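One structure below.
Coordinate-derived values only; no laboratory data. What you see is a predicted model; the values in this text were computed from it and never measured. Cβ coordinates were reconstructed from backbone atoms using ideal geometry, including for glycine residues, and neighbour counts include every protein chain displayed.
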């Protein structure tokens, strides 16, 4: 879920209407794009949740997004400020970074 949100899933809205209408346009990662994930279930009730339930999806997205975005920055020196970090957005960030360095040298 976190990998998909960070690298693939993009909803385009124009004039209040969804332009992304199907999974041909809304790309989600498949088993080929995801690493092996080992899970560790915690079998203790959560007192603050209904019937002792715990959230497991959204909570784990935060460190995944941060880790991937930090890895892109460490590898390229460019920051991406809009998710998903598509190849086009990384490329544009690199071009912007190069332009900033060129202008500071002048």
Margin query: Counting other beta carbons within 10 Å of each residue's own, what order do 81, 91 fall into, fewest first?
Written below: 81, 91
Next item on the list: Apply 1/(1 + (r/R0)^6) to the Cβ-Cβ distance of residue 26 and residue 54, taking R0 = 30 Å, and write down the FRET efficiency to the nearest 0.05.
Entry: 0.60
Check: If each of residue 44 and residue 86 carries a label point 7 Å out from its Cα toward its Cβ, how far apart are those two points in nm?
Finding: 4.3
Next item on the list: For segment 44-106, state the semi-axes of the equivalent ellipsoid (square roots of 5 times the eigenvalues of the alpha-carbon gyration tensor), sorted largest first and rounded to whole angstrom.
Entry: 40, 10, 8
Next item on the list: Taking Cα extents along the principal axes in Å as the quantity of interest, determine which of (1) 39, 26, 21; (2) 45, 24, 22; (3) 63, 34, 30 was computed from the displayed structure.
Entry: (3)
Note to self: I need the calculated FRET efficiency for the pair residue 61 and residue 36, taking r as the beta carbon distance and R₀ as 22 Å, to the nearest 0.05.
What the structure shows: 0.75
Check: For the residue pair residue 9 and residue 70, what label-to-label distance in nm results when each label sits 7 Å from Cα along the Cα-to-beta-carbon direction?
Finding: 2.3
Note to self: Within a 10 angstrom radius of the beta carbon, how do 13, 31 rank from fewest other beta carbons to most?
What the structure shows: 31, 13
